[in-house]
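Encoded as structure tokens, the structure appears first; notes follow it.
The values are calculated or read from the model by the stated rules, or taken from the named source; none is laboratory data. Please read these numbers as outputs of a predicted model, since none were measured by experiment. Please note: Cβ atoms are built from the backbone with ideal geometry, for glycine as well, and neighbour counts cover all protein chains shown. Heads up: the accessible areas ignore ligands, DNA and RNA and are worked out on the full protein's heavy atoms, side chains in. Shrake-Rupley method; radii C 1.70, N 1.55, O 1.52, S 1.80 Å.
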Amino acid sequence: MKDIMKSYKRKSSHSTEREFGGTLGATCIPVLLPLTVLYLLSVCRSPAASVLQWPPPLPPIAQLWDPLAAVLIAGWITLQSFLYLLPVGKVSEGLVLRDRSRLKYPINGFHALSITVVLLSICLYLGMPLGYLFELVLPLAVCAIAVSYLLSMYLYIRSFWAPQHALALGGNTGNPLYDFFMGRELNPRIGDFDLKYFCELRPGLIGWVVINLGMLMKEVELRGSPSLAMLLVNGFQLLYVTDALWNEEAVLTTMDIVHDGFGFMLAFGDLAWVPFTYGLQAMFLVVHPQSLSNLEAAGIVVLNGIGYYIFRKSNSQKNQFRRDPTHKSVSHLETIATATGKRLLVSGWWGFVRHPNYLGDLLMALAWSLPCGLSHILPYFYVTYFTVLLIHREARDEKQCKAKYGLAWDTYCSRVPYRIIPYIY
Ligand code: NDP
């Protein structure tokens, strides 16, 4: 223990800056967010589905635990770990690290999704009651939250054996609560198995669409066939997850992988928050069916299509530019030179607003909620939360870009004055 504390002092005199409300935020968020997940799931399944109802429709403690849920979560993480280790797909290198090395990552997330879809189809063919996920969703969420706590504790403890250069610059303040929350180690690995990269796009993201499918099957059990609204929610969110896994390599240049340590914030976000709150709309539709005209459905499909187009085109343009600025699809774009040698795009999508990818993502988020009608606030939870997340994320990214690029970043901001929504924000 003494050794740990000594090594802690030696290695932790690094970051002084605090994000997410500092120590107070890092103390409250790990308590409040898991409770929020359970609260939202309970409200969503209640007849009123109102976030304003008092007292809140909290389930009896006995309904929060089911050994089957623990078995399913353990089996799910084991299955996804096995798929991660399959020697299929290419292997890609991450960005250069502080010790000048580059880590290798398997790009086989899309294979993992495809194999999961085949396995699910077999389960359905064999008559397995996937709709039972609706009954099991609270205990499943409790187990996922427990796993994210256990994983974060493991990550925090093991980080004291990591070399200095392997620590994230932001989660290394010396304050145990804050560092536990932000994550001390940048790329914790067991052998070649990268824990952060695995959690980022596999168990939670694929788990999210499996839960959605469970809700669809529950609707079939209850009403004989899936509703148009349920098909839209399932289809839109499956497209989003498939896109993320098809373009898995792009995650290697995101803030989560490049900058943030792996601690409670990302572990909980990836394993519990995403699968159990992003699909609230599907859960809502099981209890509160909505009828949707073909015209309304067409309007929502168009909105999702526009959002997806902006999101995909802008992300691909920047990724292509960062990979190979001389490529013919980006070589004609106007750029600004920076002191780091990297250039910033000032025309094309990144000359439209400073985060066109966030704009597209937000339009899609709205399209995912609209099939649930306008009578309840709850299905709009995702788009509301996501707006706050992206505004906060934009501010964090802006700060990092300002630190990286200095005056060149100021020039970019004056050339492209709007952050996410043209003429508004
Ligand atoms: P971004 O893809 O927006 O990348 C930001 C980085 O891009 C900057 O740090 C900078 O890095 C580079 N950059 C910024 N401006 C320019 C420019 N003009 N020219 C060239 N490079 C520039 O990061 P995110 O990880 O935040 O988002 C990725 C995607 O993931 C987005 O579509 C977002 O909506 C989505 N997302 C979804 C979430 C969800 O829960 N559904 C959560 C978070 C994100 P550098 O210069 O070092 O290359």
Search the stretch 339-362 for residues that are in contact (Cβ under 8 Å) with a residue 60 or more places away in the chain and more than 16 Å from Glu398 (Cα to Cα) and pair each with any residue that is within 6 Å of the ligand (Cβ to nearest atom) and assigned to a loop (DSSP other than H, G, I, E, B) when their beta-carbon atoms are under 6 Å apart and the residues are at least 6 apart or on different chains. none
Across the stretch 320-335, which residue is modelled with the lowest pLDDT among those that are surrounded by fewer than 17 Cβ atoms within 10 Å (Cβ to Cβ) and not in a loop (DSSP other than H, G, I, E, B)? Arg323
Ile157 passes all but one of the listed conditions (1) at pLDDT 95 or above; (2) touching a helix residue (DSSP H, G or I) at 6+ places or on another chain (Cβ under 7 Å); (3) surrounded by fewer than 20 Cβ atoms within 10 Å (Cβ to Cβ); the exception is number (2)
Would you check if Leu252 is more than 30 Å from Pro163 (Cα to Cα), in the same structural domain as Thr36 (by TED's automatic domain parsing) and of a type outside the set (Ser, Thr, Tyr)? no
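For every residue, the table says whether it meets (1) surrounded by fewer than 22 Cβ atoms within 10 Å (Cβ to Cβ); (2) within 14 Å of the chain's Cα centre (by Cα); (3) more than 16 Å from the ligand (Cβ to nearest atom).
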{"residue": "Gly224", "(1), (2), (3)": "yes, no, yes"}
{"residue": "Ala229", "(1), (2), (3)": "no, no, yes"}
{"residue": "Val233", "(1), (2), (3)": "no, no, no"}
{"residue": "Asp243", "(1), (2), (3)": "yes, yes, no"}
{"residue": "Trp246", "(1), (2), (3)": "yes, no, no"}
{"residue": "Met255", "(1), (2), (3)": "yes, yes, no"}
{"residue": "Val258", "(1), (2), (3)": "yes, no, no"}
{"residue": "Phe262", "(1), (2), (3)": "no, yes, no"}
Within the stretch 273-309, can you find the residues that are open to solvent by 20 Å² or more (accessible area, probe 1.4 Å) and closer than 30 Å to Arg343 by Cβ? Ile306, Tyr308, Tyr309
Please work out which one of (1) modelled with pLDDT under 95; (2) under 27 Å from Leu285 (Cβ atoms) is the condition Leu113 fails and give its number. (1)
Asn304 in a helix (DSSP H, G or I), of a type outside the set (Phe, Trp, Tyr) and more than 30 Å from Phe134 (Cα to Cα): no
Taking the stretch 403-413 and keeping residues out of contact with any helix residue (DSSP H, G or I) (no Cβ under 7 Å at 6 or more places or on another chain) and either in a helix (DSSP H, G or I) or within 10 Å of the ligand (Cβ to nearest atom) (or both) leaves Ala403, Lys404, Tyr405, Leu407, Ala408, Asp410, Thr411, Tyr412, Cys413
Residues of the stretch 46-83 satisfying the condition of being assigned to a helix (DSSP H, G or I) and modelled with pLDDT under 90: Ile61, Ala62, Gln63
Find the residue count for the stretch 266-277, including only residues that are within 11 Å of the chain's Cα centre (by Cα) and more than 12 Å from the ligand (Cβ to nearest atom). 4
Gly214 closer than 24 Å to Ser114 by Cα, out of contact with any Asp or Glu (no Cβ under 9 Å at 6 or more places or on another chain) and buried (at least 20 other Cβ atoms within 10 Å of the Cβ): yes
How many residues, within the stretch 43-67, are in contact (Cβ under 8 Å) with a residue 60 or more places away in the chain and surrounded by 12 or more Cβ atoms within 10 Å (Cβ to Cβ)? 12
Check off (1) within 19 Å of the chain's Cα centre (by Cα); (2) open to solvent by less than 20 Å² (accessible area, probe 1.4 Å) for Tyr385 and give me the number that stays unchecked. (2)
Taking Gln400 as meeting all but one of (1) within 10 Å of the ligand (Cβ to nearest atom); (2) closer than 17 Å to Leu303 by Cβ, write down the number of the exception. (2)
Return the only residue of Leu370, Leu374 being outside the structural domain of Thr277 (by TED's automatic domain parsing), more than 8 Å from the ligand (Cβ to nearest atom), within 26 Å of Phe276 (Cα to Cα) and surrounded by 17 or more Cβ atoms within 10 Å (Cβ to Cβ). Leu370
